[in-house]
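Down below is the structure, laid out as structure tokens.
The values are calculated or read from the model by the stated rules, or taken from the named source; none is laboratory data. Note that the coordinates shown come from a computational prediction; the quantities given were computed from them, not determined experimentally. Ideal geometry is used to build each Cβ from the backbone, glycine not excepted, and the neighbour counts take in all protein chains shown.
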Amino acid sequence: QNDLRFQGPIDGNVLAAMALARCGVDRMFGVVGIPVTSLATRAVSLGIRFIAFHNEQSAGYAASAYGYLTGRPGVLLTVSGPGCVHGLAGVSNAMVNAWPLVMISGSCDQRDFGRGDFQELDQVEAVKPFSKISVKATDISEIPNCVARVLNSAVSGRPGGCYFDLPSDVLHQTISESEAERLLVAAEEFARREVIPRVPNSQIEEAISLLKHAERPLIVFGKGAALARAEGPLKKLVETTGIPFLPTPMGGRAPPAARSLAIGKCDVALVVGARLNWLLHFGEPPKWSKDVKFILVDICKEEVELRNPHLGLIGDAKEVLESINKEIKDDPFCLGKSHPWVEAISQKAKDNVAKMEVQLARDVVPFNFLTPMRIIRDAILALGSPAPILVSEGANTMDVGRSVLVQTEPRTRLDAGTWGTMGVGLGYCIAAAVASPDRLVVAVEGDSGFGFSAMEVETLVRYQLPVVVIVFNNSGVYGGDRRTPQEITGPYKHDPAPTSFVPSAGYHKMIEAFGGKGYHVESPEELKSALAESFSARKPAVVNIKIDPYAGAESGRLQHKN
Ligand code: ADP
């Protein structure tokens, strides 16, 4: 085994690192400090790549995206007290997105807890409401089993965030090599345990019968299908049956071009690994027809019970789709291109694309959102396969990007997700570059989204990651200072508007401070040349695009909620 280089008694830091390595962890994201620095350095010496961040929040977002992209828990390491609190951003984001993550935090000495110890906090209780499980090792002998439990729980059933607390006194305890080995073997076994619910064949047959007899069937797929790596059987199902399909924003393939028609008029919808939550209008009228029959495929029993669909298939998306395909093989059916429903959808999609292309074709300077987005789309398409991983956030930037930037390969799009979390961008970029070293990573971010974690451009440069961050700089949140003279009153009327940043900030200069490449662009020619150069260099770069501060809408497409 790779951990025999540690001779003699083994302390908690070494044992935790050994347990992680033995349970298959090969990457960690985090911030070191008291009491976990030694855990990180030990992990590195055991072959685990440790990506050191400036802030636990970004590291947490990175760990969550790593979990989604690889299907294995992303591991976040934080220091005690405030480090754990900052890391909560990552755990909660993983929970809401249903992505596998494990946060490991050092914590204060158990004997001194309650007396105001350094960075004291009841971390297990603090993290509990945001996680699937929250456990503490109260003695060194518990470490391997706790590591296995959190890693296993993070990926079991609906994936999510799990927490493991390591008090500093436990990290300093020691045990013998033979005792450590005994505990590690048991932990490895536990970490491998897998329980996947099986869907009865009668339900598979019922699903097929519903789809076959539908007049306007639809397949919707989301992050759960991507997590299950169900793209193979999904493609096969779509190809054999000709049923129109619709991905959610992160579900994969191209953004839907006839979304309103498809969900508004379908009579049977097979929804695979996507929640009928706000992003899918709760599966209710007026967006959906009131008579639509939902067939829900989800690994999570509670999710299926909550939505109360016509038919619920509780199981792994890939397995369920494989079973459906197998069953259809003996009695195939296909709608065909001339089916009125298929024709209506493809006609509507063509019309929508044509309308959008008219708007995109114009070069608008000073830049609106559409012109630079078209130039970015063309530059991405020119790269071919493997497609870059696209990271996108910011109200207007993300909304416009969803319609314009086409991603046809699964798990190549990361955005604000189920929670609409802004500030995820740089963490996601780093995770994507670490998870898929063969792909370029392109982030298309609003200036506000970028600002949450802009210091992590130093992390990009330090690890020389192939990431190009494109900032849509419209000088503020939604835009610059857009107040009317009547709105500018009160004792603080000379302060900038709460929505505005320093106008035309030089974000490209930040990365130059660390030795990365910065571009400031204001015209189509400048943007094309910056993208051509930075995409082929595959080195850390920031492209700062000056956007008209009046171009964006307040709250993007969610104005009714603000
Ligand atoms: P989207 O945002 O793309 O609509 P959601 O995050 O809302 O997707 O939903 C993803 C769903 O997928 C969750 O309900 C989750 O329980 C489910 N899920 C996760 N892993 C699997 C899997 N392996 N098979 C089936 N469903 C899964």
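For this structure, a couple of remarks:
- Qualifying residue in the range 69-90 (condition: touching a Pro at 6+ places or on another chain (Cβ under 7 Å), outside any strand (DSSP E or B) and either surrounded by 23 or more Cβ atoms within 10 Å (Cβ to Cβ) or at pLDDT below 95 (or both)): yes
- For beta carbons closer than 6 Å, sequence separation of 6+ or different chains, a first residue in the range 33-51 that is part of a strand (DSSP E or B) and a second that is surrounded by fewer than 15 Cβ atoms within 10 Å (Cβ to Cβ), the qualifying pairs are Phe50/Val44.
- Only one of the listed residues (Val342, Val353, Val434) is in contact (Cβ under 8 Å) with a residue 60 or more places away in the chain, away from the ligand (no atom under 16 Å from the Cβ) and crowded, with 19+ Cβ neighbours inside 10 Å. That residue is Val434.
- Options Met18, Met103, Met28, Met95; residue that is farther than 26 Å from His172 by Cβ and either in a helix (DSSP H, G or I) or hydrophobic (A, V, I, L, M, F, W, C) (or both): Met95
- Just so you know, in the range 524-541 the residues that are surrounded by fewer than 15 Cβ atoms within 10 Å (Cβ to Cβ) and more than 28 Å from the chain's Cα centre (by Cα) include one that is nearest to Met455 (Cα to Cα), and it is Ser529.
- Number of positions in the range 155-168 that are touching a Pro at 6+ places or on another chain (Cβ under 9 Å) and closer than 13 Å to Asp139 by Cα: 3
- Ile263 being of a type outside the set (Lys, Arg), within 15 Å of the ligand (Cβ to nearest atom) and touching a helix residue (DSSP H, G or I) at 6+ places or on another chain (Cβ under 6 Å): no
- In the set (1) surrounded by fewer than 24 Cβ atoms within 10 Å (Cβ to Cβ); (2) closer than 25 Å to Val461 by Cβ; (3) within 15 Å of the chain's Cα centre (by Cα), the condition left unmet by Tyr66 is number (1).
- If you go through the range 305-320 and pick out every residue that is within 13 Å of the ligand (Cβ to nearest atom) and touching a Phe, Trp or Tyr at 6+ places or on another chain (Cβ under 9 Å), you end up with 4.
- Taking the conditions (1) away from the ligand (no atom under 13 Å from the Cβ); (2) farther than 25 Å from Ser156 by Cβ in turn, Gly232 satisfies each one other than (2).
- Residue satisfying all of: in the range 165-187; surrounded by fewer than 16 Cβ atoms within 10 Å (Cβ to Cβ) and touching a residue at least 24 places away in the same chain (Cβ under 8 Å); nearest to Ile104 (Cα to Cα) among these: His172
- From the options Arg259, Arg275, residue that is among the basic types (Lys, Arg), under 23 Å from the mean Cα position of the chain (by Cα) and modelled with pLDDT under 95: Arg259
The rows are residues; the columns are (1) within 16 Å of the ligand (Cβ to nearest atom); (2) of a type outside the set (Val, Ile, Thr).
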site: Gln123; (1), (2): no, yes
site: Val127; (1), (2): no, no
site: Ser131; (1), (2): yes, yes
site: Ser134; (1), (2): no, yes
site: Asp139; (1), (2): no, yes
site: Pro144; (1), (2): no, yes
site: Val147; (1), (2): no, no
site: Asn152; (1), (2): yes, yes
site: Gly160; (1), (2): yes, yes
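- Whenever a residue of the range 215-239 is under 26 Å from Leu101 (Cα atoms), its partners that are of a type in the set (Ser, Thr, Tyr), lying with C-beta atoms within less than 6 angstrom and at least six residues away or across chains, give the pairs Gly222/Thr248.
- Filter result (assigned to a loop (DSSP other than H, G, I, E, B) and either under 30 Å from the mean Cα position of the chain (by Cα) or exposed (fewer than 14 other Cβ atoms within 10 Å of the Cβ) (or both)) within the range 316-339: Asp316, Asp331, Pro332, Cys334, Gly336, Lys337, Ser338
- Within the range 281-304, the set of residues being away from the ligand (no atom under 12 Å from the Cβ), out of contact with any His (no Cβ under 6 Å at 6 or more places or on another chain) and more than 19 Å from Ala230 (Cβ to Cβ) comprises Glu284, Pro285, Pro286, Trp288, Ser289, Lys290, Asp291, Val292.
- Note on the range 493-526: residues that are under 15 Å from Glu445 (Cβ atoms) and outside any loop (DSSP other than H, G, I, E, B) total 7.
- Out of Leu237, Leu218, one residue alone is modelled with pLDDT of 95 or more, within 15 Å of the ligand (Cβ to nearest atom), farther than 13 Å from Val297 by Cβ and of a type in the set (A, V, I, L, M, F, W, C). It is Leu218.
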